[in-house]
Amino acid sequence: MEVDLLLHSASQLLTLSGGPQRGSELGQLGIIEDGAVAIAGERVQAIGSSDELRETFEPDVMINAFGRVVMPGFVDPHTHLIWAGDRADEFEARASGATYMEILSQGGGILSTVRHTRAAEPSELIAQARLRLNRMLNHGTTTAEAKTGYGLALEPELRILDAILTLDERGPIELSPTFLPAHAVPAEYEADEYVGLICDEMLPALVVWWGDRRSDTPLPFVDVFCEEGAFDLAQCQRVLGVAKELGFPLKIHADEFASLGGTKLAIELGAISADHLVHTTANEIQMLGDSGTAAIALPATPFGLAESEYTPALKILQAGGLLALASDLNPGTAWCESMQFVIALATRYMGLTPAQAIAACTVNAAAAIGREDVVGSLELGKQADLLILEVEDYRHLGYRFGTNLVQTVVKKGRIVVDRSRDGFR
Ligand code: NIG
Ligand code: FE
């Protein structure tokens, strides 16, 4: 049988097959030693031993992955991909003792990025995000969620959403869009007033806009930043309640700095994920275990802020929760484009094994954005999104950090990154 691509002789082929991995099940990599994948068009045609697949298939292109790990592309389920400018000045101030929340309350932080983002042309927003996407792809991310949240008014929020959709359409990284107008209170409003505007005008307008721009795909997620200094529980309840009535799937930023009850709210509303969860109560952790809401941990954020507390991953797993990992890529707390680095942090500060961390940023991360039927594992009929790592043993992910272990990236069956000759130039 003819196929387009046959990748064979992988020392370890990590399939991550069998669906999302809850609680103590986390870490099933589904390893095939001396493994092979046959790809036809954008999809996985077959997966198995190299001997078997070499006999069955006549490929146009063969890749020998001898001595290398092959695995699904990373899914990054929480990013603030689109912004203009940077906050190097704040990073320097924080290094001298200022805190993130102090800076935000003085009109800096998210609001500083909002000023730059509002002033940027769409082409500029796209150009700046493109550079980040290229770095993400080079580090093995093949699918990502991307949020608005640096516009904080209808027109600039839609401009950011449009940039996300444009970048998704151009590829190769697929983007899952999220509308986050409740990211900070813009300077021109009181919090309740702005929440009223989101509920009465922005969300209904988004439904109409989406119908014109992307009627063929489901509505984007709606997310809120439930936090002291951002939006309180009642305000988040209002925004997410209206969003739910309008048919939007939901996400939340909860318990990053303080515990306000956002995780419980997310579970009650049936949100697809609750994210951050550093200061989540024991009761809410228990609730997560019994719910369909995924817990997304973002270890690059406490690391980026030099904080000592991380998401209590093992407690979430003990409760039976669905744990995913993400970068939180943003200009304030975590300018991190590498899921490999996220794994390095999760294996040190969250107590995960390399296998658990890998499952949390592939198959479980796909579930945390509702894409588990298409990406996050290498299985028959799924999208052929995969990585060849320049190491023989998957445990080098996490063990090693600060260098890029990705050699080749295949997205929808096409080789989009090939660093195999980098050393020889
Ligand atoms: O997830 N928490 C809110 N949003 C980001 C930070 C955004 C920023 O500082 O620009 C986060 O940490
Ligand atoms: Fe975030």
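FYI, it's all coordinate maths here, none of it is from the lab. Since this is a predicted model, take the numbers as computed values, not measurements. Neighbour counts are summed over all protein chains in view; Cβ atoms, including those assigned to glycine, are modelled from backbone coordinates with ideal geometry.
Observations on the structure shown:
- Alpha carbon Rg of the range 1-100, scaled by the compact-globule rule 2.2 N^0.38 Å: 1.64
- Using 0.36 nm per residue and subtracting the Cα-Cα separation, the extra length available between Asp393 and Thr99 on full extension is 101.8 nm.
- Residue of Asp60, Asp76, Asp373 that the Gaussian network model of the chain assigns the largest fluctuation, springs spanning Cα pairs under 10 Å: Asp60
- Ranking Thr148, Pro177, Asn138 by Cα position along the charge dipole of the range 122-181, where only Lys, Arg, Asp and Glu carry charges on their C-beta atoms, puts Asn138 farthest toward the positive end.
- Tilt relative to the chain, helix 154-170 - C-alpha long axis, 0 to 90 degrees, to 10: 0 degrees
- In the range 255-314, Cα pairs under 8 Å separated by at least six residues give a relative contact order of 33 percent.
- Rounded to whole Å, sorted largest first: equivalent-ellipsoid semi-axes of the range 75-137, Cα gyration tensor: 24, 15, 10
- The GNM of the chain, with springs linking C-alpha atoms under 10 angstrom apart, assigns the highest mean-square fluctuation among Gly196, Gly398, Gly140 to Gly196.
- The chain: angle of helix 122-138 to the longest principal axis, Cα-based, in degrees nearest 10: 40 degrees
- Charge dipole (debye, nearest 20) of the range 1-81; +1 at Cβ of Lys and Arg, -1 at Cβ of Asp and Glu: 360 debye
- Across the range 312-319, rounded Karplus estimates of 3J(HN,Hα) from the backbone phi angles (6.51 cos²θ - 1.76 cosθ + 1.60, θ = phi - 60°) give x, 4, 5, 5, 5, 5, 4, 6 Hz, Gly and Pro being marked x.
- Here the label points at Leu314 and Asp89, each 7 Å from Cα along the C-beta direction, are separated by 4.3 nm in the simple model.
- Proximal lysines to Lys412, defined as alpha-carbon separation beneath 16 angstrom and excluding residues fewer than eight positions away on the same chain: Lys382
- Other-chain or far-sequence residues with amide H under 5 Å of Arg68's (modelled H): Ser11, Gln12
- On Cα atoms only, tilt of 339-349 relative to the major axis of the chain in degrees: 70 degrees
- Translational diffusion coefficient (Stokes-Einstein; Kirkwood radius from C-alpha pairs) of the range 268-425 at 25 °C, 0.890 mPa s, in µm²/s: 148 µm²/s
- Dipole size of the chain about its Cα centre, with +1 on Lys/Arg Cβ and -1 on Asp/Glu Cβ: approximately 720 debye, rounded to the nearest 20.
- Between the amide H of His78 and those of Glu145, Ser327, Asp328, distances stay under 5 Å, these residues lying 5 or more places away or on another chain, with hydrogens modeled in the peptide plane.
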